[in-house]
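Okay, so here's the structure we're looking at.
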Amino acid sequence: MPELPEVETVRRGLQPVMEGAKILVAEARRPDLRFPFQPDFVARLKGQVVTGLGRRAKYLMADLASGDVLLMHLGMSGSFRVIKPDNEAAPGEFHYPRAKDSVHDHVLFRMSSGADIVFNDPRRFGYMKVIARNALDEEPLLRDLGPEPLGNEFDAAMLARSCQGKTTSLKAALLDQRVVAGLGNIYVCEALHRSHLSPRRIAATLSTRKGEPTDHAKRLVGAIHTVLNDAIKAGGSSLRDHRQTSGELGYFQHSFKVYDREGEKCTTPACGGTIKRFTQNGRSTFWCPKCQK
């Protein structure tokens with residue numbers, strides 16, 4: 001499933017052709033994706049100007065002039081592509097042609113910017129929903145989300161307060177979207193390695209008895225910021241389904257320190273350890289037992 005950096009990369013790819021443009025045509029080419037489309041889904045989109053295109057955790061959020069918000073989630077295999085009149089994309093070093101099977105093109109937005117935006121989703125785990133802006137705080141999909149890991153409010157003090165007294169593993173805590181929104185398995189593994197913290201460590205060790213952040217919390221927040229920003233700069237990680245809107249692959253996977261590197265040598269200077277994998281909460285965890293404590 002695409003994680004925060006991949007979704008942010010998609011947002012940046014859509015922004016130039018979507019933001020400030022009017023939705024001339026909206027088509028839902030099937031009755032549902034993961035969830036059924038609302039009966040008035042198309043009607044609430046047609047003719048609306050997209051005044052802003054943002055992101056909350058792994059959701060894309062298009063603000064409409066009507067006061068509605070179009071909420072979009074990529075699911076497991078969802079992707080957008082932008083078709084311009086010249087039908088040209090600038091292939092990069094890791095360019096990979098998209099599948100041309102239009103049977104999976106489930107949603108189309110024709111924009112006044114001259115671009116067609118097509119949502120393709122073979123597995124149909126993605127979803128879209130139109131929500132009134134003033135109802136977002138009560139939206140079940142959003143209301144329990146924690147702070148944005150790249151937002152100003154997310155710091156060591158906040159993470160320490162969220163983990164105070166938690167007896168779950170540190171990795172499980174970071175994957176809890178109520179603790180911090182948008183982190184997934186890949187970037188949690190990478191951030192824990194960069195901060196030299198074990199995924200098995202008890203989450204409460206990020207906090208003192210008084211609820212103040214430990215040095216572990218400070219290192220971890222810094223690592224989360226660094227790994228996410230590096231991944232966004234690289235266009236995300238292309239594992240299985242992720243593609244940028246141009247059709248190019250993201251290439252942060254070439255910078256992985258631990259993820260999917262089982263049996264390889266740890267890249268931490270003077271460590272000499274070997275990357276191991278084990279199953280944790282139903283997910284593969286990659287780590288270096290020698291330098292992550």
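The values are calculated or read from the model by the stated rules, or taken from the named source; none is laboratory data. What you see is a predicted model; the values in this text were computed from it and never measured. Positions of Cβ are generated from backbone atoms using ideal geometry, with glycine treated the same way; all protein chains shown enter the neighbour counts.
One table, with the values for the structure above:
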quantity: Looking only at region 1-55, and only at residues there that are without any contact (Cβ under 8 Å) to a residue 60 or more places away in the chain, polar (S, T, N, Q) and surrounded by fewer than 18 Cβ atoms within 10 Å (Cβ to Cβ), the one that is nearest to K84 (Cα to Cα); calculated: Q15
quantity: Matching residues, region 143-156, being surrounded by 18 or more Cβ atoms within 10 Å (Cβ to Cβ) and more than 24 Å from S284 (Cα to Cα); calculated: P147, F154, A156
quantity: Residue match in region 59-78 (condition: farther than 15 Å from K129 by Cα, at pLDDT 95 or above and of a type in the set (A, V, I, L, M, F, W, C)); calculated: yes
quantity: Pair list, Cβ under 9 Å, 6 or more apart: region 127-139 residue touching a residue at least 12 places away in the same chain (Cβ under 8 Å), other residue part of a helix (DSSP H, G or I); calculated: M128/F41; K129/F41; V130/F41; V130/R44; V130/L45
quantity: Exclusive hit being outside any helix (DSSP H, G or I) and surrounded by 18 or more Cβ atoms within 10 Å (Cβ to Cβ), set L174, L197, L220, L159; calculated: L197
quantity: Number of positions in region 1-52 that are under 18 Å from the mean Cα position of the chain (by Cα), part of a helix (DSSP H, G or I) and not hydroxyl-bearing (S, T, Y); calculated: 11
quantity: Filter result for Y127 (among the hydroxyl-bearing types (S, T, Y), at pLDDT 95 or above and in the same structural domain as R29 (by TED's automatic domain parsing)); calculated: yes
quantity: Meets criteria (modelled with pLDDT under 95 and of a type outside the set (A, V, I, L, M)) for K46; calculated: no
